[in-house]
Protein chains: 2
Amino acid sequence: MTLTRTTKLERGRGVLGPALALVHTGRAPTRAVLTAELGVTRATAGAVAAELVALGLITVDSRPGAAFGAQGRPSHRLAVDPDGPVVLAAQVHADGFRAALVGLGGRIVATAPGCTAVHADPAQVLGEVVEAGATLLRDSGRRCVGAGLAVPSAVAEPDGTALNPLHLAWEAGAAVRDIFTRCLADAAVPGPAPDTPATGYTANDLNLAALAEHRHGAGRGAQHLLVVGTGHRGVGGALVLDGRLHTGSSGLALEVGHLTVDPDGRPCHCGSRGCLDVETDPLAFLEAAGREPGPAVSLLEQSWELIRTEYDTDPRVRTAVETLIDRLGLGLAGLVNILNPDRIVLAGLHRALVERDGERLRAVIADRSLWGRSGGVPVVPCTLDHNSLVGAAELAWQPLLDDPLLLGG
Amino acid sequence: MTLTRTTKLERGRGVLGPALALVHTGRAPTRAVLTAELGVTRATAGAVAAELVALGLITVDSRPGAAFGAQGRPSHRLAVDPDGPVVLAAQVHADGFRAALVGLGGRIVATAPGCTAVHADPAQVLGEVVEAGATLLRDSGRRCVGAGLAVPSAVAEPDGTALNPLHLAWEAGAAVRDIFTRCLADAAVPGPAPDTPATGYTANDLNLAALAEHRHGAGRGAQHLLVVGTGHRGVGGALVLDGRLHTGSSGLALEVGHLTVDPDGRPCHCGSRGCLDVETDPLAFLEAAGREPGPAVSLLEQSWELIRTEYDTDPRVRTAVETLIDRLGLGLAGLVNILNPDRIVLAGLHRALVERDGERLRAVIADRSLWGRSGGVPVVPCTLDHNSLVGAAELAWQPLLDDPLLLGG
DNA sequence: CGTAGTTTGTTTATCGACGGCACAAAGCAA
DNA sequence: TTGCTTTGTGCCGTCGATAAACAAACTACG
């Protein structure tokens with residue numbers, strides 16, 4: 001008696017994760033492409049796709065007429081299941097927070113507008129954040145398989161503490177990841193395995209923005225992606241290597257804010273002068289443009305608005321843009337010499353700078369980097385809305401992208 | 001009739017490579033440890049070890065009395081086979097070159113002393129290098145399974161051209177890897193597969209030194225290893241991430257020589273002032289110590305000698321050491337902020353600096369790096385002789401470490 | 001209009017690496 | 001001695017994946 005009928009649906013454990021990742025990032029529109037990308041046979045790719053469909057993660061559009069292709073038998077389109085599970089993503093920032101449900105493919109399914117709730121106690125803030133997310137979940141009626149949080153602070157690994165949550169009035173070293181995890185358990189937010197509470201994945205917001213841009217935005221396809229950007233104050237960096245966030249040995253890599261870009265520049269709290277941090281952030285821009293800075297929280301919006309409306313009319317604005325581009329270019333050149341990225345994506349105020357005068361920025365980088373003359377790194381603005389939020393969702397998806405069978409296989 | 005006797009010796013394709021790497025780096029002294037490190041069952045580990053023995057790569061010391069262990073059944077020692085295959089490793093530098101045969105475990109089996117042969121034509125130099133290696137091979141009568149070359153120049157990927165072979169009188173952009181491969185074919189130096197010529201793996205000497213130190217020297221066990229060091233002139237860096245050399249998107253990463261460490265310092269050919277390159281190399285040291293620099297080629301030896309003999313007697317030497325340590329510390333702090341390594345290994349002149357006053361260096365780094373106060377990165381001198389040579393051998397071993405069955409399975 | 005050619009998808013048989021388990025071996029501790 | 005602990009091996013099952021043949025769906029072209 002050999003009734004070993006366990007095959008067929010149990011297939012593809014090893015390549016199941018990579019296959020889901022390919023559909024998730026839009027790099028596998030059909031099973032044929034999936035076959036090539038995974039380097040497996042058509043049989044395997046077909047079985048894997050069937051398994052992912054059975055798990056409710058992707059769809060195969062088999063309707064007659066939906067097939068497409070130039071020659072030979074047409075393909076059926078592979079896509080993320082729009083009715084599939086979601087993750088709870090959240091971002092806290094100086095203005096308050098934002099919670100959202102995010103599906104595979106980085107699609108934001110529902111979002112609760114940012115509520116103002118700056119409070120010195122992280123447990124209270126994260127409690128409200130999770131509560132808002134849980135409400136979204138209940139209203140949507142969808143299955144939740146994880147949760148991720150973006151914070152405006154360096155996050156130490158592997159303990160998940162926030163080292164410098166300057167804008168949140170939290171104490172340095174707050175155990176954000178543990179607190180977030182506890183809040184998720186209190187609100188009974190489930191993780192990938194049914195009926196077990198979600199782990200509270202947490203990371204720095206710019207790091208997560210980088211991850212999101214790499215998978216769904218301006219960083220797609222880059223092997224060594226460098227992301228640099230400002231928030232309201234200061235400058236942060238992130239590196240995505242071979243598709244994974246590089247956070248260094250203890251989560252503190254890419255603290256690029258204190259590269260010297262002007263030996264005679266402003267004094268910085270780090271003790272040096274002319275750091276990237278104080279020379280290319282919104283405050284420095286407003287000063288260079290001769291504008292009175294408004295409330296700290298909206299310095300970034302104020303700078304954006306200024307560049308958008310007065311770049312062509314006010315020469316001081318144009319000069320300020322050029323000054324910041326020169327400083328930023330110097331800093332990026334230093335990073336290019338050390339990291340040798342194949343693409344640079346800029347966020348925050350820096351995004352506006354590259355949008356306004358990308359040629360000047362690229363020229364400065366090429367001129368000041370050692371090997372710049374031969375080639376030159378592409379420097380592009382980021383393209384995703386809410387990239388930190390989408391990045392937080394990526395963090396939550398990761399266990400499933402590593403092993404989709406966690407769902408219930 | 002089911003005579004499917006193909007099992008048993010064909011076992012362990014997937015874990016064979018990692019297993020060899022563990023024995024190669026000395027992290028698997030017994031099959032029991034191998035079992036734990038690989039995360040497989042004892043049965044698999046045993047079969048894998050037997051396979052590696054059959055391939056002639058490792059030995060299991062089964063002699064009675066050679067077993068050891070605290071409790072329970074004693075273990076037999078696993079070791080690299082001292083009579084196993086070797087690779088041809090070579091290094092070219094300003095003084096000439098050195099060729100060697102290197103066995104698994106980074107053991108130098110035979111070496112030809114450096115001959116002086118600085119010539120403007122890389123093909124001629126590499127021809128002599130390979131000839132010397134081939135002679136060593138013939139004399140030893142051992143099986144050769146690959147070849148690696150270390151050059152004092154940035155090597156561009158994936159084309160393998162030398163971008164700045166300053167000390168070799170070669171033209172920039174020389175196709176070193178191709179030339180090396182051709183010389184190997186001319187001399188009939190075999191690669192891993194029998195009777196097929198070796199590929200001429202080539203990389204920067206400091207990068208290879210870093211790889212060697214990570215696998216067999218001061219960098220063992222580090223996950224994020226930063227190596228910085230000088231040659232005769234200039235400063236180079238290298239990063240080993242999760243056991244693999246990180247060379248950036250085109251082989252040009254870790255060009256750390258042009259970090260600014262003294263805004264008022266010496267002018268550098270890069271256009272800036274006070275670069276790490278010109279502030280912490282042997283020439284800068286000799287100047288700071290008030291010594292007349294000798295012939296450029298031996299500036300490093302001259303500096304070493306000076307530190308060894310006059311550090312305790314001549315206050316100018318001590319001051320020069322401290323000055324360079326302060327400058328180097330500033331540069332390393334910048335790198336720590338960007339890369340967040342868990343260990344730093346110093347080579348060349350920098351090795352002597354950390355040996356003389358490591359405390360001062362660590363203090364400077366901790367003081368100038370953002371998160372230095374909480375922890376502090378271990379900074380240690382390199383420990384291997386001829387680490388670039390051993391690193392070149394690692395490059396040659398790599399295909400076999402990825403799949404030992406290349407040998408003839 | 002029909003046939004050839006091309007590419008996609010599925011079915012079936014089989015392979016091979018590894019895990020599980022039972023058992024044997026080799027030392028130490030009473 | 002008799003346990004106890006740890007190491008090493010033989011046997012079989014299982015699971016992920018391949019290979020190869022077949023089937024399907026469309027284009028190109030005479």
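The values are calculated or read from the model by the stated rules, or taken from the named source; none is laboratory data. From a predicted model like this one, the values you see are computed outputs, not experimental measurements. Glycine also receives a Cβ, built like all others from the backbone with ideal geometry; neighbour counts cover every protein chain displayed.
Couple of notes before you dig in:
- Lone qualifier among B:Gly17, B:Gly65, B:Gly56 - being away from DNA strand D (no atom under 15 Å from the Cβ) and either assigned by TED's automatic domain parsing to the domain that holds B:Leu395 or on the phi > 0 side of the Ramachandran plot (or both): B:Gly56
- Yes/no for B:Leu34 being more than 9 Å from DNA strand C (Cβ to nearest atom), within 25 Å of B:Leu407 (Cα to Cα), modelled with pLDDT of 90 or more and within 25 Å of the chain's Cα centre (by Cα): yes
- Candidate set from the range A:129-154 (those that are farther than 24 Å from A:Leu406 by Cβ and buried (at least 16 other Cβ atoms within 10 Å of the Cβ)); member that is farthest from the chain's Cα centre (by Cα): A:Ala132
- Residue count, the range A:158-196 (criterion: of a type in the set (D, E, K, R) and either crowded, with 19+ Cβ neighbours inside 10 Å or under 28 Å from A:His269 (Cβ atoms) (or both)): 3
- Sole exception among (1) under 30 Å from B:His24 (Cα atoms); (2) within 12 Å of another protein chain (Cβ to nearest Cβ) for B:Asp277, by number: (1)
- Any hit, the range A:86-106, residues being within 16 Å of DNA strand C (Cβ to nearest atom), of a type in the set (A, V, I, L, M) and in contact with a Leu (Cβ under 9 Å, 6 or more places away or on another chain): no
- Identity of the residue in the range B:37-48, over 22 Å from B:Gly243 (Cα atoms) and within 9 Å of DNA strand C (Cβ to nearest atom), that ends up surrounded by the most Cβ atoms within 10 Å (Cβ to Cβ): B:Ala47
- Subset of the range B:335-363 that is within 14 Å of chain A (Cβ to nearest Cβ) and not aliphatic (A, V, I, L, M) - its residue that is farthest from the chain's Cα centre (by Cα): B:Asn337
- Those residues of the range A:355-385 which are of a type outside the set (D, E, K, R) and within 20 Å of A:Gly221 (Cα to Cα), in sequence order: A:Gly375, A:Gly376, A:Val377, A:Pro378, A:Val379, A:Val380, A:Pro381, A:Cys382, A:Thr383, A:Leu384
- Going through (1) closer than 30 Å to A:Gly114 by Cα; (2) surrounded by fewer than 18 Cβ atoms within 10 Å (Cβ to Cβ); (3) in contact with a strand residue (DSSP E or B) (Cβ under 8 Å, 6 or more places away or on another chain) one by one, A:Arg77 falls short only on (1).
- Set side by side, the residues B:Asp186, B:Asp139, B:Asp178 differ, and just one is without any contact (Cβ under 8 Å) to a residue 24 or more places away in the chain and acidic (Asp, Glu), which is B:Asp178.
- Residue check, A:Ala175 at pLDDT 95 or above and not aromatic (Phe, Trp, Tyr): yes
- Taking the criterion of being within 9 Å of DNA strand C (Cβ to nearest atom) and of a type in the set (D, E, K, R), the only residue of the range B:52-74 that qualifies is B:Arg73.
- Condition met for A:Ala21 (closer than 26 Å to A:Thr111 by Cα and surrounded by 14 or more Cβ atoms within 10 Å (Cβ to Cβ)): yes
- Inside the range A:25-46, residues that are among the β-branched types (Val, Ile, Thr) and either within 14 Å of another protein chain (Cβ to nearest Cβ) or within 12 Å of DNA strand D (Cβ to nearest atom) (or both) make up a count of 4.
- Restricting the range A:322-334 to residues that are hydrophobic (A, V, I, L, M, F, W, C) and either within 7 Å of chain B (Cβ to nearest Cβ) or over 22 Å from the mean Cα position of the chain (by Cα) (or both), the residue that is nearest to B:Ser249 (Cα to Cα): A:Ala333
- Here the range B:65-95 is the region considered, the condition is being small (Gly, Ala, Ser) and more than 24 Å from the chain's Cα centre (by Cα), and the residue that is farthest from B:Pro152 (Cα to Cα) is B:Gly72.
- Screening B:Gly294 on (1) away from chain A (no Cβ under 14 Å); (2) assigned to a helix (DSSP H, G or I) shows it passes everything except condition (2).
- Answer from B:Ala212, B:Ala185, B:Ala169 - the residue that is closer than 22 Å to B:Ala134 by Cα and more than 14 Å from every other protein chain (Cβ to nearest Cβ): B:Ala185
- Picking from residues in the range A:13-31 that are of a type outside the set (Lys, Arg) and within 12 Å of DNA strand C (Cβ to nearest atom), the one that is modelled with the lowest pLDDT is A:Gly14.
- Residue in the range B:197-204 that is more than 14 Å from every other protein chain (Cβ to nearest Cβ), surrounded by fewer than 22 Cβ atoms within 10 Å (Cβ to Cβ) and free of Cβ contacts under 8 Å to residues at least 24 places away in the same chain present: yes
- Any hit, the range A:273-286, residues being aromatic (Phe, Trp, Tyr) and buried (at least 23 other Cβ atoms within 10 Å of the Cβ): yes
- Tally of residues being among the polar types (S, T, N, Q) and not in a helix (DSSP H, G or I) across the range B:158-181: 2
- Output for the range A:193-223, where each listed residue is touching a Leu at 6+ places or on another chain (Cβ under 7 Å) and of a type in the set (Asp, Glu): A:Glu213
- Sole residue being modelled with pLDDT under 95 and among the small types (Gly, Ala, Ser), chosen from A:Ala134, A:Ala169: A:Ala169
- Residue satisfying all of: in the range A:136-157; part of a loop (DSSP other than H, G, I, E, B) and out of contact with any helix residue (DSSP H, G or I) (no Cβ under 6 Å at 6 or more places or on another chain); farthest from the other protein chains (Cβ to nearest Cβ) among these: A:Gly141
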